[in-house]
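*Asks:* Here it is, the structure, as structure tokens.
The values are calculated or read from the model by the stated rules, or taken from the named source; none is laboratory data. Just so it is clear, the structure is predicted and the values come from calculations on it, not from any experiment. Don't worry about glycine lacking a Cβ; one is built from the backbone with ideal geometry, like all the others, and counts go over all protein chains shown. Heavy atoms of the whole protein, side chains included, go into the accessibility calculation; ligands, DNA and RNA do not. Shrake-Rupley method; radii C 1.70, N 1.55, O 1.52, S 1.80 Å.
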Amino acid sequence: MTTAIEPEPKIRLFPAIFLIGLAAAAFVLFPILYPRTPYHFLGGLGGPTLASLGILIWWLRGSRVYGTFRWLPVVLFLVPAMANIFLFYREGLGIPVVLFGFPFVTFLWVAWLVVSRPTPRLVQLAGLLGVIVGGWALFSMVRIGEMNAEIEPELDWRWNPTKMEKFQQERAKWAAAAPATDTIAVKPGDWPEFRGPKRDDNATGVTIDTDWNTHPPKLLWKHRIGAGWGSFAVVGDKLFTQEQVDDQQEAVTCYSATDGGLVWEYKYPARFYEQIAGVGPRGTPTIVNGRCYTFGGSGKLVCLDAAKGTLIWERDVPTDTGAKVQQWGYSSSPLVVKGVVIVFANGPNGKGTAAYKADTGELAWTAGNGTLGYSSGHLANFGGVEQVLMISDLGVESYRPADGKVLWVHDWKQRGVNRVSQPAVLSDTDLLLGTGVGTDQGTQRVHVTRDGDAWKTEVVWKSKNLKPYFNDGVVYQGHFYGFDDRSFTCIDLTDGSQKWKTGTQYGHGQVLLLGDAGVLVVQAVDGRIFLVAANPDEHMELAKLQALEGKTWNHPVIAHGKLFVRNNSEVAVYELKMK
């Protein structure tokens with residue numbers, strides 16, 4: 001009697017298909033339902049990653065595959081994954097491999113099992129090994145670079161030169177020293193610090209010809225620049241910024257605004273990196289009394305001679321305050337007031353903000369309980385008292401600049417959530433505070449009152465019509481123009497009501513106000529520049545220019561009849577026709 005050999009059971013695929021479906025739903029729906037919240041990131045990216053791990057468990061425990069073909073695919077999955085982490089993504093802690101490689105290869109895994117189901121089992125399983133190895137081989141050939149605000153990565157073939165390599169190859173073309181000056185003195189029309197003299201992104205005394213069809217901006221020069229997300233300080237013919245000039249050094253650089261020649265650079269050992277924005281410093285230089293003050297991505301505070309680029313003093317803020325470098329790096333642009341240099345320090349035990357003596361670099365004071373923040377100090381005058389505002393996860397803290405005494409705190413806690421945008425000072429009693437991340441997104445108008453030494457803050461109105469992510473806005477004639485997530489909008493400052501709102505054509509951009517002309521300079525995330533009428537009744541574009549290429553988050557500047565723009569790979573200067 002012959003005993004029949006029962007065929008091996010078919011691979012049980014429905015759990016894997018179910019996991020792929022859940023991953024796809026999470027990837028699509030979480031960013032739509034919970035934009036700019038932890039749910040967006042944890043669900044939209046964490047969901048597919050968890051699903052990929054679930055597929056590995058399913059294969060080992062529930063696929064009905066036994067013997068060598070049970071464990072060999074898992075080994076062939078994990079070994080190339082670890083090799084990718086070790087060879088390419090050690091600095092990023094393997095995050096791109098886990099967030100993108102795992103889901104990509106497991107999707108191919110399941111897709112192959114589905115399409116090959118009619119084939120003999122041995123062919124199906126042998127082909128699976130080739131699919132896994134081939135998937136990781138393809139993943140290895142693609143470089144996953146920094147990401148945009150939607151957590152969508154930049155992709156390039158690994159054999160193409162990186163932005164840093166291109167920068168290094170071309171730098172000699174403009175690095176020949178341009179003439180230096182003996183002194184640097186800030187004068188009217190200069191743009192000496194982040195967002196201008198009043199840190200409000202309002203370029204006063206500037207009226208340009210908005211007919212760019214007839215008189216388009218003239219490109220004076222454009223070249224590559226080291227990575228960085230700060231903006232410019234412009235004093236006379238000198239252009240100051242910060243950049244990553246090689247794999248180990250940050251630099252403060254001064255260029256000729258006329259031709260882009262390098263006037264001087266000061267380099268120091270530092271490198272900050274995170275996967276979203278990539279490498280480089282985040283702050284903008286501040287020029288005061290012939291000195292250049294900068295704050296690097298990993299916490300190095302530097303004071304230089306602005307004319308020569310020579311070191312006067314430097315401090316390591318995390319060392320001074322016992323802080324750990326924040327997830328997205330230090331982003332404060334130094335505020336110099338009352339003889340001190342103020343930056344957000346995120347230190348523990350009342351050391352959230354730090355101030356150093358501007359002349360010597362000696363630590364003057366620490367104060368405040370903010371533990372997470374990416375804003376810069378903002379000067380205000382409420383109740384006849386000059387004070388510095390600092391935005392953080394705590395809300396708003398107000399300090400007396402001379403000694404750091406906390407005057408008042410407006411409590412709007414978003415613990416563990418990054419606030420980035422600057423406050424908008426509306427009057428000697430009111431300010432605007434916005435946040436685009438967390439569960440309590442939106443904007444508050446806050447009223448500040450003083451009774452002797454006692455201070456009080458109260459919310460005038462709250463609005464969901466404005467949810468600024470890392471994008472600053474401007475105030476003009478009773479209205480605020482800024483970004484509600486990816487949409488540019490105008491709101492009425494009286495009650496927070498929306499006057500108009502665009503689509504997402506500008507993305508996560510920035511805006512500059514030409515207050516005397518009633519014109520907004522809107523910089524789109526893709527490097528385009530738009531002129532928009534500062535008109536609360538309608539959104540009206542007046543002109544546009546493709547100024548840069550690629551992701552552009554840095555603030556634009558207009559000074560001395562020139563438009564200055566940069567991103568993390570190139571810088572350009574355009575001459576504008578003035579009226």
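*Asks:* PRO318 - would you say it is modelled with pLDDT of 95 or more and in a loop (DSSP other than H, G, I, E, B)?
*Replies:* No: the conditions fail for PRO318.
*Asks:* Residue pairs, Cβ under 6 Å, 6 or more apart or interchain, first in segment 92-109 and within 23 Å of GLY280 (Cα to Cα), second outside any helix (DSSP H, G or I) and among the hydroxyl-bearing types (Ser, Thr, Tyr). List them.
*Replies:* What qualifies is PRO96/TYR89; VAL97/TYR89.
*Asks:* Quick one: which residue in GLY352, GLY377, GLY329 is in contact with a Lys or Arg (Cβ under 6 Å, 6 or more places away or on another chain) and either open to solvent by less than 10 Å² (accessible area, probe 1.4 Å) or aromatic (Phe, Trp, Tyr) (or both)?
*Replies:* Testing whether each residue is in contact with a Lys or Arg (Cβ under 6 Å, 6 or more places away or on another chain) and either open to solvent by less than 10 Å² (accessible area, probe 1.4 Å) or aromatic (Phe, Trp, Tyr) (or both) leaves just GLY329.
*Asks:* Tally the residues that are under 24 Å from TYR330 (Cβ atoms) and not in a strand (DSSP E or B), restricting the search to segment 185-234. It would help to see each step written out before you state the result.
*Replies:* Looking only at segment 185-234, we keep the residues that are under 24 Å from TYR330 (Cβ atoms), and these are 191-201, 225-234.
This time we only want the ones that are not in a strand (DSSP E or B), so: 192-201, 225-226, 228-232.
Of the residues in that region, 17 qualify.
*Asks:* Only one residue in LEU542, LEU531, LEU513 is surrounded by fewer than 20 Cβ atoms within 10 Å (Cβ to Cβ) and either aromatic (Phe, Trp, Tyr) or in a strand (DSSP E or B) (or both), so which one is that?
*Replies:* So the residue among LEU542, LEU531, LEU513 that is surrounded by fewer than 20 Cβ atoms within 10 Å (Cβ to Cβ) and either aromatic (Phe, Trp, Tyr) or in a strand (DSSP E or B) (or both) is LEU542.
*Asks:* Residues in segment 13-20: is at least one in contact (Cβ under 8 Å) with a residue 12 or more places away in the chain, within 28 Å of the chain's Cα centre (by Cα) and closer than 30 Å to GLY416 by Cβ?
*Replies:* No, there is no match, as no residue in segment 13-20 is in contact (Cβ under 8 Å) with a residue 12 or more places away in the chain, within 28 Å of the chain's Cα centre (by Cα) and closer than 30 Å to GLY416 by Cβ.
*Asks:* Check every one of the strands (runs of 3 or more DSSP E) wholly within segment 381-463 and list those with 2 or more residues that are within 25 Å of the chain's Cα centre (by Cα) and buried (at least 21 other Cβ atoms within 10 Å of the Cβ).
*Replies:* 385-392, 395-399, 430-435, 442-451
*Asks:* Then there is this: So is VAL123 over 30 Å from GLU274 (Cβ atoms) and open to solvent by 20 Å² or more (accessible area, probe 1.4 Å) or not?
*Replies:* So VAL123 fits the description; yes.
*Asks:* So, of the residues in segment 309-326 that are closer than 18 Å to GLU274 by Cβ and open to solvent by 50 Å² or more (accessible area, probe 1.4 Å), which turns out to be nearest to the chain's Cα centre (by Cα)?
*Replies:* My answer is VAL325.
*Asks:* Here are the criteria: (1) under 30 Å from LEU531 (Cα atoms); (2) assigned to a loop (DSSP other than H, G, I, E, B). Tell me which single one GLY297 does not satisfy.
*Replies:* It is condition (1) that GLY297 fails.
*Asks:* A further question follows. How many residues are touching an Asp or Glu at 6+ places or on another chain (Cβ under 8 Å), farther than 16 Å from GLY290 by Cα and surrounded by fewer than 17 Cβ atoms within 10 Å (Cβ to Cβ) if we restrict to segment 225-266?
*Replies:* Residues in segment 225-266 being touching an Asp or Glu at 6+ places or on another chain (Cβ under 8 Å), farther than 16 Å from GLY290 by Cα and surrounded by fewer than 17 Cβ atoms within 10 Å (Cβ to Cβ): 1 in total.
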